[in-house]
Amino acid sequence: MTDANNRFPYYDDGVNAIKISSDPAEDAAFHGYACWRRGTVLFMRAPLRLFMLAVLAQSAILLPDWLPALVGGRVGGVAALALSAGGLWLEALCYAMLIHLLDAMAGGNQANWRQAMGAALYLAVAGILYTLAVAVGLALFLLPAVFLSIALLFFAWPIVLEGSGPLAALEQSWRWTLPRFGRVSAAISIAFLVYGAYSVLSWWPSIAGVAWQPLATLLAGVRSGATGPLTAALQAQQIIVPGAVAAPIWYYVVNPLLGGLVMPPVLGALYEVYRRLREIQPEPSASAAS
């Protein structure tokens, strides 16, 4: 069922059909739990395809690491740069396809894979600009980084679904979010918490290593006069750090699988917010654009 004045359908989550109001502040469904719930509903409409795309996206991030390991050698120079660029583009392509599939699940349409492929390069460039903007905010202080990460968060959807360029998409996200920053922050709260927990888990071996290192150094000093494999390992700072032995398996296998479960509902919740913001920000008319 589609509103004649809107490209988005009524949203049926199996309980009730929600009509989006013209003002998110008046929309009782525009809050974290409702957006997260509808994100999970979208995920369950095509779980295997969304899962596989998210797994591929998470694996593409690590392309410069695992591909040289497969061929049994180190890659440097131009080849390493090409691998990094290729991994970035492949990640963007997977996320563009994932966003198109979420949009298709919400509207009952077919995903436009050709449009997703055309948007991948712009999406990769916008992702770099977004990361740089948040990094600048982090250099200033934590709060500017949080503010910029939310204000510029919705750049992917204009690029993938509307054909916007990187700078225009970032500007659109800023324009949509700034007047209703508090409401948008509340709407994405659960998605942000879930993604934050996933981010911590994804770096678990490194976090465990950092937490264990002071004890490793202490033990190495206490046993410096001893001889034996344990002492040698301690002195070389190669003791069995929790998670260190399994780090490659975690990063290359477990982490992408976790991302496949987490990222689709997170992006589904953000899509829910995007479509609400887009609905109250109509596209400029041809006369206004000229």
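Using only the Cα atoms of segment 75-178, each taken as one equal point scatterer with no solvent, compute I(q) by the Debye sum, divide by I(0), and report log10 of the ratio at q = 0.10 Å⁻¹. Computed log10 I(q)/I(0) values: -0.32. FRET efficiency for the V146 to M52 pair, using the beta carbon distance and R₀ = 25 Å, is estimated at 0.20.
What the phi angles of segment 123-137 give under the Karplus curve with 6.51, -1.76 and 1.60, with θ = phi - 60°, is a coupling list of 5, 5, 5, 5, x, 5, 5, 4, 4, 5, 5, 5, 5, 4, x Hz, glycine and proline written as x. The label-point distance for A82 and Y198, in a model that sets each label 7 Å from Cα toward Cβ, rounds to 3.2 nm.
Along segment 164-171 the Karplus relation, 6.51 cos²θ - 1.76 cosθ + 1.60 evaluated at θ = phi - 60°, assigns HN-Hα couplings of 6, x, x, 5, 5, 5, 5, 5 Hz to successive residues, with x for each Gly and Pro. In order along segment 34-42, the phi-based Karplus estimate (6.51 cos²θ - 1.76 cosθ + 1.60, θ = phi - 60°) of 3J(HN,Hα) comes to 4, 5, 5, 4, 6, x, 5, 4, 4 Hz; Gly and Pro are listed as x. Here the label points at L261 and M117, each 7 Å from Cα along the C-beta direction, are separated by 3.3 nm in the simple model.
Laboratory data are not the source of any read-out in this text; all were calculated from the coordinates shown. Fair warning: this is a prediction, and the values are worked out from it, not measured in the lab. Every residue, glycine as well, gets a Cβ built from its backbone with ideal geometry; the counts of neighbours run over all protein chains shown.
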